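K.L.:
Sharing a structure with you now.
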Amino acid sequence: MLKRIRTPVLEVGFEETGTPEGTPVVLLHGFPYDVRAYDGVAARLGARCRVLVPYLRGYGPTRFLSAETMRSGQQAALGADLLAFLDALGIDRAVVGGYDWGGRAACIVSALWPERVRGLVSAHGYNIQAIARSGEPVDPEAEHRFWYQYYFHSERGRRGLDRNRKELCRLLWRLWSPTWGFSTEEYERTAASFDAPDFVEVVIHSYRHRFGLVAGDPALEEIERRLAAQPEIPVPAVILEGADDGVSRPAGTAPRFTRLRGHEVVPGAGHNLPQEAPEAFATAVLALL
């Protein structure tokens, strides 16, 4: 069921399922995906958990409350949004899980506000960006996978995302999850979220800010300062990596996690791990209850 709640910055659209008195579990999607990524996970958790799946800023029904608020997609904004979402719902502690942008939000809250996190499931491992080192090249095999990020650095890329958002995002789904045979219907259910009015602006800012090409929201500067130290994550955590991930190949290591409970490479899964392998993701959540 779609619900809405207001934080200081956003009206957040979210879906809530499961057992109201169960352990709160907040699941966060990435780019370019939405809450549908967690349908299979939520169904497996419902008997024991209160499952909350918000649309991130710029996606679906989530809206900024003020026209004056910067349409930032920087990592500090994602972390601050998750913290504000917990506050708005009166949730003291939750299991948080995510991948891509959502994994970044979950890692940030786990690192900076660990008292609010009962456990963390992080696809792709440590998702906090080291912006100061973003200008350092990586090996060419990894570098070519980031073509879309460099595309978004240009105004041609901004216009391309704006004009061809569904076609471009569908291409990313295929490249990032090469062994996932998603249907047209599955894609279209999610792609509707890319028609949100702030989608392009938030996405473009995200991929420019992480490379130090644009300024962030001044209101979030203190959070970015803390993230620049690449803080450890001191909460119980499980890491999942898709064996077939077309963006980030499995690293096999887990730096900065001080209470790691598990680390699994999931066969047959790509970048959109919870939608492709819901059983593995749900099992990781349940291991933290």
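K.L.:
What translational D, rounded to a whole number of µm²/s, comes out for region 36-157 from Stokes-Einstein when the hydrodynamic radius is the Kirkwood one over Cα pairs, at 10 °C and 1.306 mPa s?
P.N.:
The Stokes-Einstein estimate is 97 µm²/s.
K.L.:
Among [x] 44, 43, 37; [y] 55, 51, 36; [z] 49, 42, 41, only one was calculated for this model; which label is it, if the read-out is Cα extents along the principal axes in Å?
P.N.:
For Cα extents along the principal axes in Å, the calculated option is [z].
K.L.:
On to the next question. Counting Lys +1, Arg +1, Asp -1, Glu -1, what net charge surrounds residue 38 among other residues with beta carbon under 14 Å of its beta carbon? Walk me through the numbers before you get to the answer.
P.N.:
Values: positive: 36, 44, 50, 189; negative: 15, 16, 34, 39, 100, 186, 276, 279.
It works out to a net charge of -4.
K.L.:
Also, quick follow-up: Dipole size in debye (nearest 20) for region 2-286 around its Cα centre, Lys and Arg Cβ +1, Asp and Glu Cβ -1? The partial results should precede the final answer.
P.N.:
Working: 33 positive and 36 negative charges, 38 e Å.
Charge dipole, region 2-286, about its Cα centre: 180 debye, nearest 20.
K.L.:
Okay, next question. Relative contact order for region 40-182: what percent, with Cα pairs under 8 Å and sequence separation of 6 or more?
P.N.:
14
K.L.:
Another question, if that's okay. For every helix of n ≥ 4 consecutive DSSP H residues, a contribution of -39,500 (n - 2.57) applies; sum these over the chain, divide by its total residues, and give [θ] at 222 nm rounded to the nearest 500 deg cm²/dmol.
P.N.:
Values: 12 runs with 105 residues, N = 289.
It comes out at -10000 deg cm²/dmol, rounded to the nearest 500.
K.L.:
Between residue 184 and residue 289, what is the spin-label point distance in nm, taking each point 7 Å from the Cα along the Cα→C-beta axis?
P.N.:
Here the modelled spin labels are 3.9 nm apart.
K.L.:
Now for a different question. Just the number, please: percent antiparallel of the DSSP beta bridges in the chain, rounded to the nearest 5. Can you show the working numbers first?
P.N.:
On the way: 12 of 36 bridges.
Taking every DSSP beta bridge with both residues in the chain, the antiparallel ones total about 35 percent.
K.L.:
Tell me, what is the percent relative contact order of region 2-286, built from C-alpha pairs under 8 Å that lie six or more residues apart?
P.N.:
Working: 580 pairs, mean separation 67.1, N = 285.
Taking the mean separation of contacting Cα pairs over the length of region 2-286, I get 24 percent.
K.L.:
Also, quick follow-up: Report the gain in length on full extension from residue 143 to residue 156: 0.36 nm times residue separation, minus Cα-Cα distance, nm rounded to one decimal. Present the calculation step by step, with values, prior to reporting the outcome.
P.N.:
Values: separation 13, 0.36 × 13 = 4.68 nm, distance 2.01 nm.
Gain on stretching residue 143 to residue 156: 2.7 nm.
Throughout, read-outs are computed from the coordinates displayed, never taken from laboratory work. All of these numbers come straight from a predicted model, not from anything done at the bench. Ideal geometry is used to build each Cβ from the backbone, glycine not excepted, and the neighbour counts take in all protein chains shown.
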